[in-house]
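J.: My questions all concern the structure below.
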Amino acid sequence: MEDSGSSKDSKELNDSQDTDPSTVATDVEALKMETDDQEKIEQAEEFKKQGNEAFQDSRYQEAYDLYTKAADLCVGGKKQAVYFSNRAFASIRLENYGIAVVDAKAALDIDPKFVKAYYRRGSALFALGKYKESVRDFLKVCKMFPKSKEARTKYAVAKKAKVEMEFASCIAVEEVKIEIDPEDIIVEESYNGPVITSREDINVEWVLALMQHFKEEKKLHKKYVVMLINFLMDSTKEQDALVDIEVPEDGDITICGDTHGQYYDLMNIFEKNGYPSETNPYLYNGDFVDRGSFSVEVMLTLIAWKIVFPNHVHLTRGNHETKNMNKMYGFEGEVKAKYDMKLMELFSYSFWYLPLC
C-alpha cells in the first residue's frame, strides 16, 4: 500500500472578474497567494516524486529527507498528510517505529479518513509490540477497504498476537524446549547437496559448497538444517546476552545489519569484502530474516560461518528474530513452504539464545 498523493486539493482560479473597485486589491493579493501556493505544491510534488524513486531504490533515509522537504512546503494542506504518511513508511523501513507512529498520527490529524495512515500506524505499533492499538488501526483499514486481502491478513496476525499476549500475561509459562533429533530424519537417495556427519565436517570448503548450492536455488536437506541449528545452540546457550568483542588495535571488523533475506546481497558483501576468517571478522547485527525471499539461506549461511569461526563471526538478535514479526513479515511462511512448521519452531527457539548485543 503505497501513497500516491494524487488527490487534487488546490482550488482552481475563478475566471470571472470582480467589478467592484474596492475589492480589486484584495483579489490581486489572493491571486498571488494562490499562485505561490501552487508553486509550492508543484515543488513539493517534485520532492515526493524524488522520494518515491529513492524509496524504490531502498535509499530510505534519503526518501525520508525528501518527504520532509515536501511536507514543509505544504503546511496544513491535505497533501501534507500524504507526505507525512510516506515519511512514516520510510521510517518503518528504517525501523524507526516510534517516529512512524508520530508521522502517521500527524497525517490523520490533517485527514482523519486517510486509510494508508491507519495502515502505517498499525504496522509501526505492531512492531513496537503494541498489539491492542495495532488491531484498532488494522480494523479501521478493513472497514474502509473490506476487499483488501493484505489488510485482513495484518488484522488477523495483530489480533492473534494481542490474544496471545493477553493470555501470556494471565499465566506463568515455563520455557518450552524445542528439540528435533536429526537421527530421526531420513535423507533420500536422490539428495545431492552438502552432507554433514559431524561438526568437524563444517569447514570453509563446506560452507563455500553450501553457498554455491544455495546460489543454484537448491535446498539443504532438513536433516542438515537441524544439525546446523543444534550446533549453533550448543555454543550460543553458553553466551551472555551482552557479549564483549575484542578487536586488535591494528585489526578491523566488518559490521553488517538488516540482511533481511537478501541472499545475493550477502554474497556480494563477501565478494567485495572477503569471506569470514580469523583476520577478517564479521559482526551481523540481527534482522537476518523476513521481507526477502531467501531468509532461510541467509540464516543457514551465517550459522555455518559462525560454526567455522565461532570467535570471529558474531551474530546478535534483532527485532525480526521474534515469532510475531516472522508471522507478519514472511519468515514463517518461507520456512513452512521450504520445510515445515516444526523446523520454524526450532529456528524460533534458537533465536532465544542469540546475544542481544
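The values are calculated or read from the model by the stated rules, or taken from the named source; none is laboratory data. If you're wondering where the values come from, they're calculated on a predicted model, not measured in any experiment. Positions of Cβ are generated from backbone atoms using ideal geometry, with glycine treated the same way; all protein chains shown enter the neighbour counts.
J.: Contact list please: Cβ distance under 7 Å, first residue in the stretch 332-345 and on the phi < 0 side of the Ramachandran plot, second residue aromatic (Phe, Trp, Tyr) and modelled with pLDDT under 95, pairs at least six apart or on different chains.
T.: The qualifying pairs are Val335/Phe347.
J.: Have a look at Ser10, Ser85 and point out the one that is surrounded by 11 or more Cβ atoms within 10 Å (Cβ to Cβ), of a type in the set (S, T, N, Q) and modelled with pLDDT of 90 or more.
T.: Exactly one of Ser10, Ser85 is surrounded by 11 or more Cβ atoms within 10 Å (Cβ to Cβ), of a type in the set (S, T, N, Q) and modelled with pLDDT of 90 or more, namely Ser85.
J.: Could you run through the stretch 263-291 and say how many residues are in a loop (DSSP other than H, G, I, E, B) and touching a Phe, Trp or Tyr at 6+ places or on another chain (Cβ under 7 Å)? Don't jump to the end; show me each part of the working.
T.: Taking the stretch 263-291 as the starting set, the residues that turn out to be in a loop (DSSP other than H, G, I, E, B) are 274-276, 278-279, 281, 286-291.
Among the residues that remain, those that are also touching a Phe, Trp or Tyr at 6+ places or on another chain (Cβ under 7 Å) are: 276, 278, 289-291.
So the answer is 5.
J.: Continuing with this model, one more query. Name the residue that is nearest to Leu125 (Cα to Cα), counting only residues in the stretch 280-301 that are surrounded by fewer than 20 Cβ atoms within 10 Å (Cβ to Cβ) and over 16 Å from the mean Cα position of the chain (by Cα).
T.: Restricting to residues being surrounded by fewer than 20 Cβ atoms within 10 Å (Cβ to Cβ) and over 16 Å from the mean Cα position of the chain (by Cα), the top hit is Leu283.
J.: Working only within the stretch 34-68, note down all residues that are within 19 Å of the chain's Cα centre (by Cα) and among the aliphatic types (A, V, I, L, M).
T.: Listed by number, the residues that qualify are Ala54, Ala63.
J.: Also: Which one is farthest from Ala161 (Cα to Cα) among residues in the stretch 314-357 that are of a type in the set (Lys, Arg) and at pLDDT below 90?
T.: Arg317
J.: How many residues, within the stretch 184-210, are free of Cβ contacts under 8 Å to residues at least 60 places away in the same chain and part of a loop (DSSP other than H, G, I, E, B)?
T.: 14
J.: Scan the stretch 114-152 for residues that are part of a loop (DSSP other than H, G, I, E, B) and touching a Cys at 6+ places or on another chain (Cβ under 9 Å) and report the count.
T.: Result for the stretch 114-152: 1.
J.: If a residue must be in a helix (DSSP H, G or I) and under 23 Å from Ser277 (Cα atoms), how many such residues does the stretch 308-356 contain?
T.: Number of matching residues: 1.
J.: Restricted to the stretch 211-251, and to residues that are outside any loop (DSSP other than H, G, I, E, B) and of a type in the set (S, T, N, Q), which residue is surrounded by the most Cβ atoms within 10 Å (Cβ to Cβ)?
T.: Checking each candidate, the answer is Thr236.
J.: Right, here's the next one. Within the stretch 158-185, count every residue that is surrounded by 10 or more Cβ atoms within 10 Å (Cβ to Cβ) and at pLDDT 90 or above.
T.: 2
J.: Are any residues in the stretch 76-107 of a type in the set (Gly, Ala, Ser) and touching an Asp or Glu at 6+ places or on another chain (Cβ under 7 Å), and if so, which ones?
T.: Filtering the stretch 76-107 down to residues of a type in the set (Gly, Ala, Ser) leaves 76-77, 81, 85, 88, 90-91, 98, 100, 104, 106-107.
Correct list: Gly77, Ala81, Ser85, Ala88, Ser91.
J.: Now, a different point. Go through the stretch 261-290 and give me each residue that's in contact (Cβ under 8 Å) with a residue 24 or more places away in the chain and touching a strand residue (DSSP E or B) at 6+ places or on another chain (Cβ under 6 Å).
T.: Correct list: Pro276, Tyr282, Leu283, Tyr284, Asn285, Gly286.
J.: With Lys219, Lys223 as the choices, which residue is under 26 Å from the mean Cα position of the chain (by Cα), farther than 22 Å from Leu315 by Cα and among the basic types (Lys, Arg)?
T.: Answer to the check: Lys219.
J.: I want to confirm something. Restricting to the stretch 137-150 and keeping residues that are surrounded by fewer than 17 Cβ atoms within 10 Å (Cβ to Cβ) and among the charged types (D, E, K, R), which single residue is nearest to the chain's Cα centre (by Cα)?
T.: Only one residue tops the list, namely Glu150.
J.: Given (1) free of Cβ contacts under 8 Å to residues at least 24 places away in the same chain; (2) small (Gly, Ala, Ser); (3) on the phi > 0 side of the Ramachandran plot, where does Gly76 come up short, assuming only one miss?
T.: Failed condition: (1).
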